[in-house]
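A.B. asks: Have a look at this one before I ask anything.
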């Protein structure tokens, strides 16, 4: 609930011959005193929306080596911690990167592709795939032919058409 406004105290009239100093800004420029204040627009508020999954940081080999050189040069108390805070890193990063530097060199520090490595196809793989497709096609045609022959036999039995003795034995293979 809003409280009622208090009445401002009445001002006394200024005595004659004395200058009146007002709290309100005047139209005349001030020649002495501090510079006038400028109004700076406020920065827009940060976006409160958080992404579903944080992006994984990736460090280049050059960056890792540069940070390792800086870390090795740190001798004073707190210098290493200041370096880590400035770069936004953890001490485990340095441990991992040092181990990688000892095992390999720049190749071990370069980012690797994640997942199973791609296996180059063997020269015979294409031929095997081609033969398997042909085998499947011929198997399908054989099943169709056997079905047609079976239907023809049944039709001949229904119609009473006698088959030759060699036809009943099958394909004769």
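The values are calculated or read from the model by the stated rules, or taken from the named source; none is laboratory data. The shown structure was predicted, so the numbers you read here are calculated from the model rather than taken from an experiment. Cβ placement follows ideal geometry from the backbone for every residue including glycine, while neighbour counts extend to all protein chains displayed.
A.B. asks: Exactly one condition in (1) exposed (fewer than 10 other Cβ atoms within 10 Å of the Cβ); (2) at pLDDT 75 or above; (3) not in a helix (DSSP H, G or I) is not met by residue 2; state its number.
C.D. replies: (2)
Okay, residues lined up against (1) at pLDDT 90 or above; (2) on the phi > 0 side of the Ramachandran plot:
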position	(1), (2)
85	yes, no
88	yes, yes
122	no, no
128	yes, no
131	yes, no
141	yes, no
144	yes, no
149	yes, no
164	no, no
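A.B. asks: Answer yes if at least one residue in the range 79-90 is touching a residue at least 24 places away in the same chain (Cβ under 8 Å) and over 24 Å from the mean Cα position of the chain (by Cα), and no otherwise.
C.D. replies: No, the conditions are met nowhere in the range 79-90.
A.B. asks: Additional query: Restricting attention to the range 67-78, does a residue exist that is in a helix (DSSP H, G or I), in contact (Cβ under 8 Å) with a residue 24 or more places away in the chain, surrounded by 10 or more Cβ atoms within 10 Å (Cβ to Cβ) and touching a helix residue (DSSP H, G or I) at 6+ places or on another chain (Cβ under 9 Å)?
C.D. replies: The first filter runs over the range 67-78 and keeps only residues in a helix (DSSP H, G or I), leaving 67-73.
Add one more test, that the residue is in contact (Cβ under 8 Å) with a residue 24 or more places away in the chain, and what stays is 67-68.
Checking which are surrounded by 10 or more Cβ atoms within 10 Å (Cβ to Cβ) leaves us with 67-68.
Going one step further and asking which of them are touching a helix residue (DSSP H, G or I) at 6+ places or on another chain (Cβ under 9 Å), we end up with 67-68.
Yes, because at least one residue in the range 67-78 is in a helix (DSSP H, G or I), in contact (Cβ under 8 Å) with a residue 24 or more places away in the chain, surrounded by 10 or more Cβ atoms within 10 Å (Cβ to Cβ) and touching a helix residue (DSSP H, G or I) at 6+ places or on another chain (Cβ under 9 Å).
A.B. asks: Can you tell me which residue in the range 45-65 is surrounded by the most Cβ atoms within 10 Å (Cβ to Cβ), limited to those that are closer than 23 Å to residue 113 by Cβ and over 19 Å from the mean Cα position of the chain (by Cα)?
C.D. replies: Keep residues of the range 45-65 that are closer than 23 Å to residue 113 by Cβ, which gives 53-65.
With over 19 Å from the mean Cα position of the chain (by Cα) added as a condition, the list becomes 61-65.
Working: 61: 17, 62: 11, 63: 13, 64: 23, 65: 15.
Here the answer is 64.
A.B. asks: Restricting to the range 111-125, give me the number of residues that are surrounded by fewer than 10 Cβ atoms within 10 Å (Cβ to Cβ) and farther than 30 Å from residue 65 by Cα. Don't jump to the end; show me each part of the working.
C.D. replies: Let us first name the residues in the range 111-125 that are surrounded by fewer than 10 Cβ atoms within 10 Å (Cβ to Cβ), namely 112-124.
Keeping just the survivors that are farther than 30 Å from residue 65 by Cα gives 119-124.
The total comes to 6.
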